Amino acid sequence: MKRRSVLFPLALSCLGSCVQSPDDKPNIILFLVDDMGWQETSVPFWKERTMLNERYHTPNMEILASQGMKFTQAYACPLSSPTRVSLMTGMNAARHGVTNWTLRKNISPDQVHKILEMPAWNVNGISPFPGVENTKYVKTLPMFLKDAGYTTIHAGKAHWGAKGTPGEDPLNLGFDINIAGHCAGGPGSYYGKYNFSAAWRTNPPDTIWDVPGLEKYHGTDINLTEALTIEAIDQIEKAVQKGAPFYLYMSHYAVHAPWEEDERFYRKYLDQGLSDFEATLASMIESMDKSLGDIMQKIRELGIEENTVVIFMSDNGAPSQCPQNLPLRGHKIDPYEGGIRDPLIVKWPGVVPEGSSCNEPVIIEDFFPSILEIAGVNKYDQPGGKIDGISFVPLLKGKRINNAKREFFWHFPHNYGSEPYSGIREGDWKLIYWYLDGKTELYNIPEDISESKDLSSTYPEITEKLANKLGDYLISAGAAAPIDKFTKIARPLPGFESMKH
């Protein structure tokens, strides 16, 4: 669709002059937070407020929720790279094979296990080119959006490919602009005074975590979250000046370790009686929220608010060092709700009812077809394989969808912060399968959100049915299982313990 030109001359700030036509394709801002738990916000995503909802101060998330739809059962993968690759490709982690976090070429972060050998996986991430070792060849979400006329902007954490591979650079994956994205999944530091580098505290200095491209802030007192926001807003203004629709992937490093306080907010949390770590985390959360507010304020100033979709999401649950996100069990990397359930809010003016809430489950691979549908892209093929995601746009439009029969899958065949496992949810039921001993756990999530009552022996028929479905899906996706070091035989997939295959 041809876009109308900007109506007024642009001042440097574009204040009050960058007005886009309502007939234009919508701008899309995906605001992704790193390691933010389901309850680490003043917006309640449960049926009642919790202690953490009272502790944290996220007024801009509150505004966004009042203007859009809050999803109470939004799922991601249990850790970073798998989530981000699923978002970029529409494929479940079991299918794209990036099932752990990536960093160094051909080196897995898996720890040595006494009994199991972890299977091969796409340790180098994704690639826009075929034939790159240990990668998944794909066409990414921003590639499709770019084809549809969008200016594509990446700001912050990338974490799609190992150092020295094509996937480490967002410019290879469909982005026109890359602000500070590279191979690492965390920053060396949040402090401009330390050049966003970890070299000052590592011996010997390790620069692989250094945040690139922000040299003009080196030696200053600026916080990384603020610097990324300034740079992203600058690119928003430039995109609007061009008259093109834009896709901003505002992918903050916050609130991932290292836990370094944002001094703008830290003191007030100490004064509330929180410990140093608790106050530090709270300040990082509020810093992230201020970024959200600054970006929303800018799109209002530019006159494009009514034609801009804003999506807020986290990539996995809170790490184990952080307070428990009660009532959820578990942390980042765990198969329990605390590791995979995340805050999701979608604002789409004129489409999404303001202040609404949706209790239907959705999962991270759903973002791929959903964003493409929002952008008006209805035909696309994924060379990497079958797209597992299903668009949640009908939910945004208030249509009823019965997800009771839909199956959601997780696959983590690794020994890093957890024993290897796979999982499935269908309707109210969730099953977790552990590869070490073949043990299964069964939970009724609506009745037991804390996953405190294993019902696998109480409901053996449901347990068997879900185990079979999980095993069948893993086979169809080409998923690999850990290998017994002594027998050299892969551990059976769920549902196949009796060699029924």
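With the simple spin-label model, which puts each label point 7 Å out from Cα in the Cβ direction, the residue 439 to residue 257 separation comes to 2.5 nm.
Computed from backbone phi, the HN-Hα couplings of the range 60-70 come to 6, 5, 4, 4, 4, 5, 6, 9, x, 10, 9 Hz, rounded to whole numbers (Karplus: 6.51 cos²θ - 1.76 cosθ + 1.60, θ = phi - 60°; Gly and Pro given as x). Which one of 98, 223, 432 has its Cα pushed farthest toward the positive end of the charge dipole of the chain, where Lys and Arg give +1 and Asp and Glu give -1 at the Cβ? So the residue we want is 98. Its residue count N sets the reference 2.2 N^0.38 Å, and the alpha-carbon radius of gyration of the chain equals 0.94 times that reference.
Once you keep just the Cα pairs under 8 angstrom separated by 6 or more residues, what percentage relative contact order results for the range 419-501? Relative contact order of the range 419-501: 24 percent.
Looking at the chain alone, DSSP beta bridges between its own residues are antiparallel in about 50 percent of cases.
Look at 407, 168 and count the other Cβ atoms within 10 Å of each Cβ; fewest to most, that gives 407, 168.
Dividing the summed -39500 (n - 2.57) terms of all DSSP H runs of n ≥ 4 by the residue count of the chain sets its mean residue ellipticity at 222 nm at -7000 deg cm²/dmol. When you filter the trypsin sites (Lys or Arg not before Pro) in the range 323-379 for DSSP loop state and at most 14 other Cβ atoms inside 10 Å of their Cβ, you are left with 379. Relative contact order of the chain: 22 percent, from C-alpha pairs under 8 Å at least 6 residues apart in sequence. Just check the range 419-501 against the gyration tensor rule for me: Cα atoms, a ≥ b ≥ c as the square roots of the eigenvalues, rounded for a/c under 1.5, and otherwise prolate or oblate depending on whether a/b exceeds b/c. Taking the square roots of the gyration eigenvalues as a ≥ b ≥ c, the range 419-501 is prolate. Averaging Cα coordinates gives a centre for the range 263-316 and one for the range 72-133; these two points are 29 Å apart.
Extension gain, residue 66 to residue 378, is 109.4 nm, computed as 0.36 nm per intervening residue step minus the present C-alpha separation. Full extension of the chain between residue 215 and residue 193 yields a length gain of 6.8 nm, computed as 0.36 nm times the residue separation minus the alpha carbon distance. Straight-line reach from residue 105: taking Cα to Cα under 18 Å and skipping same-chain neighbours fewer than 8 places apart, the aspartates and glutamates in range are 133, 168, 169, 206, 210. Going from the residue with the fewest nearby Cβ atoms within 10 Å to the one with the most, 36, 51 rank 51, 36.
Across the cross-link table entries 290/347; 70/136; 70/399; 397/469; 379/469; 114/469, which are compared at the Cα atoms, the separations over 22 Å belong to 70/136; 397/469; 379/469; 114/469. Taking label positions 7 Å along the Cα-Cβ direction at both residue 271 and residue 468, the computed distance is 6.3 nm, reported to one decimal. Close amide-amide hydrogen proximity is noted between residue 363 and 75, each under 5 Å apart and 5 or more residues distant or on a separate chain (H modeled in the peptide plane; Pro and chain starts excluded). Modelled spin-label separation between residue 49 and residue 114, with each label point placed 7 Å from Cα along the Cα-to-Cβ direction: 4.8 nm.
Computed about its Cα centre, the charge dipole of the chain is approximately 1180 debye, with only Lys, Arg, Asp and Glu carrying charge at their Cβ.
Here the residues 390, 107, 424, ranked from fewest to most Cβ neighbours within 10 Å of their Cβ, fall in the order 107, 390, 424.
Only the coordinates and a few stated rules stand behind these numbers; no lab work does. Bear in mind that the values here come from a model prediction, so they are computed numbers and not experimental data. Here Cβ is always computed from backbone atoms with ideal geometry, including for glycine, and neighbour counts include all displayed protein chains.
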